[in-house]
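A quick write-up on the structure given underneath.
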Amino acid sequence: MDDGHGISAELATFAAELRVEDLPPEVVHQATRCLIDWLGCTLAGSATDEAARVRAGIAALDPGDGSRTAAIIGTRQRAGAGYAALANGIAAHLLDFDDTFNPDRTTIHGSAPLWPAIAAATEVVPVTGTAAIAAFVAGFEVQTRVAVAAGPGHYDVGWHVTGTVGHIGAAVATSRLLSLSAAETLAALGTGATQSAGMKVVYGSTGKSIHAGKAAMDGLLSGFLARDGITSSPESIEGHRGFLHLFSPDPAPGRALEGLGETWYLPRDGFKPYACGSLTHPPAQALLELRAEHGFTADDVVSVDAHVHDYVKTTTGATEPRTGLQGKFSIYHVLAAALADGAASTAQFTDERVNAPEVVRLRGIVAVHVDEEQSKDSARVVVALRDGRSLERHVAHNLGTPDNPMTDGQLEEKYHGLAAPVLGEARARQLAQTAWQLGELADIVDVVALAVPE
């Protein structure tokens, strides 16, 4: 891996020297959009039983009665900064409704490891809005570049990329918040990298969201450790027995540095209109569009044939999910629920809905076919009706992806639907108004404070 020499150091230098005034406006705006989406997803996630169990475990370990505590969003509970980052990272990803960077070579949920670390840090040290933007962009660009360098093999062998590179991104983001030098950032990056973890075998369980929480918690720790002089390998990414060597069978180390500081990955981040695995979105959208356009009901349908990218079959191919979390990673359930309900939001992914006899029956009429012509954001769906008609819809780029992005209005509508049930209508609107002004805030603790119920 000689072509990878110096990757860690160059990434650390890039992060340490990044300045908001040098960023393109679309990068700054996308960072704010990511904050809005993260707040909505985290607030809704905080209201789940799983998040409550996480908070109970944290309370048993950390009563949060010290002088330096941080908010657990969506609740009045506080904990040490590390535990708050853990809880908020888990809540952000519990519904699998959070943003997704999804190019050909990788898939990563970019905000879930980063904003929790930033939010926790702002209750330990002052963080302006511009500092938060710089930290988020630095963390996002570094973690996604490492993911792209690790390549599809990293994901294919069973690693959850959000868990692995999220540790690196959160360490870099925390370092940037603390204004660490390039050398100190390099140490934090290495400490984050050596904690990297996350197995795809836990998909369909709360274990998947724990990856995002641990990445936030461990990355936060890495930054503060580096500030206080803890060192690590200067070649944690590219070195022999480093991240790329250990975690990927087909790394392309040079990809981590291609266009660094000139080509920005953040504007290619996507936002989810549906509360399930991103790979299921193109066929779900196709089916929902057909249903809305032609007005058929589930009783009218004989069969649904989905022609999709091969990742859909290999990653979301569970035919008999038993829980809501498992349903999010079952293309069969996603399409059955969309057919039955005309929606693919949070209500379609409860334990009760996954086990509803009507939906179980409909899963049996769904067939999934690998189609080499489809990309990760496209699909073709054919619906056969009892009256003999055959209806077909091709989605070239599903809503929320870079080639078919959600507008600010659509994003805020999604946010409000998630946040208002937790905070109330008025406070949810106030939080959104404050978050949209991120770049003007003297301290983003104002955002965190509004994300807690009155």
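The values are calculated or read from the model by the stated rules, or taken from the named source; none is laboratory data. Just so we're clear, the structure is a prediction, and the values are computed from it rather than from any experiment. Ideal geometry is used to build each Cβ from the backbone, glycine not excepted, and the neighbour counts take in all protein chains shown. Side chains are part of the model used for accessible areas, which takes the heavy atoms of the whole protein and leaves out ligands, DNA and RNA. Shrake-Rupley method; radii C 1.70, N 1.55, O 1.52, S 1.80 Å.
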Exercise. Evaluate the following for V308: is it touching a Leu at 6+ places or on another chain (Cβ under 6 Å) and either open to solvent by 10 Å² or more (accessible area, probe 1.4 Å) or not hydroxyl-bearing (S, T, Y) (or both)?
Key: no
Quiz prompt | Cβ pairs under 6 Å, 6+ apart, first in the range 250-277 and charged (D, E, K, R), second outside any loop (DSSP other than H, G, I, E, B) | solution = D250/G151; D250/G153; R255/V148; R255/A149; D269/F101
Practice problem: Scan the range 110-123 and give yes if some residue there is buried (at least 23 other Cβ atoms within 10 Å of the Cβ), farther than 19 Å from A435 by Cβ and touching a residue at least 24 places away in the same chain (Cβ under 8 Å), otherwise no. | Solution: no
Quiz item: Of all residues in the range 413-440, which are under 23 Å from A286 (Cα atoms) and either touching a Phe, Trp or Tyr at 6+ places or on another chain (Cβ under 8 Å) or not assigned by the TED database to the domain that holds A131 (or both)?
Solution: K414
Quiz item: Any residue at all in the range 183-204 that is modelled with pLDDT of 95 or more, open to solvent by 30 Å² or more (accessible area, probe 1.4 Å) and assigned to a loop (DSSP other than H, G, I, E, B)?
Solution: yes
Practice problem: Identify, by number, the condition in (1) out of contact with any strand residue (DSSP E or B) (no Cβ under 6 Å at 6 or more places or on another chain); (2) under 24 Å from V157 (Cβ atoms); (3) buried (at least 18 other Cβ atoms within 10 Å of the Cβ) that G324 doesn't meet. | Solution: (2)
Quiz prompt | Which listed residue, of D377, D387, is in contact (Cβ under 8 Å) with a residue 40 or more places away in the chain, in contact with a strand residue (DSSP E or B) (Cβ under 8 Å, 6 or more places away or on another chain) and either in a loop (DSSP other than H, G, I, E, B) or among the aromatic types (F, W, Y) (or both) | solution = D377
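Report yes if H333 is touching a Pro at 6+ places or on another chain (Cβ under 7 Å) and not hydrophobic (A, V, I, L, M, F, W, C), otherwise no. Give the steps one after another, and end with the answer.
On the way: touching a Pro at 6+ places or on another chain (Cβ under 7 Å): yes; not hydrophobic (A, V, I, L, M, F, W, C): yes.
In short, yes.
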Quiz item: E372 is checked against (1) surrounded by 15 or more Cβ atoms within 10 Å (Cβ to Cβ); (2) under 27 Å from the mean Cα position of the chain (by Cα); (3) over 13 Å from P321 (Cβ atoms) and fails just one. What number does that condition carry?
Solution: (1)
Practice problem: Would you mind telling me which numbered condition in (1) part of a helix (DSSP H, G or I); (2) within 30 Å of P251 (Cβ to Cβ); (3) open to solvent by 10 Å² or more (accessible area, probe 1.4 Å) H29 fails? | Solution: (2)
Quiz item: Being in contact with a helix residue (DSSP H, G or I) (Cβ under 8 Å, 6 or more places away or on another chain) and open to solvent by 30 Å² or more (accessible area, probe 1.4 Å), is that true of even one residue in the range 276-285?
Solution: no
